[in-house]
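**Student:** Handing you a structure now.
Throughout, read-outs are computed from the coordinates displayed, never taken from laboratory work. Here the structure is a predicted model, which is why all the values come from computation and not from measurement. Note that each Cβ is placed from the backbone with ideal geometry, even for glycine, and that neighbours are counted across all protein chains shown.
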Amino acid sequence: MKLYETIHQHDGITDYSRHTSLSAAKKWMRERPGSKGHITKVYANGDWEPCGEITLNGSNAVKMSNQTTATY
């Protein structure tokens, strides 16, 4: 499972949001210009691995350490 965490800072206020779909995270980021987001892979046993930053334009495919091809 991948988690998409987004953050937006404005006027000294910080908004956080966590999504389970990339499209929802991108929509949240588009509605709040200047937002940043990060992808985290969570395994069934509770381990997690950071996968990088969410980009609004281009590919968000990530190649994990145990994979041969990049996946979304």
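**Student:** What are the pairs, 6+ residues apart or on separate chains, where a residue within the range 28-48 that is in contact (Cβ under 8 Å) with a residue 12 or more places away in the chain has its Cβ under 9 Å from a residue that is assigned to a loop (DSSP other than H, G, I, E, B) and among the hydroxyl-bearing types (Ser, Thr, Tyr)?
**Tutor:** Qualifying pairs under 9 Å: TRP28/SER35; MET29/SER35; GLY37/THR55.
**Student:** Further question on the same structure: State all residues of the range 52-68 that are surrounded by 10 or more Cβ atoms within 10 Å (Cβ to Cβ) and among the polar types (S, T, N, Q); if no residue qualifies, say none.
**Tutor:** Once the filter is applied, which keeps residues that are surrounded by 10 or more Cβ atoms within 10 Å (Cβ to Cβ) and among the polar types (S, T, N, Q), the range 52-68 yields THR55, ASN60.
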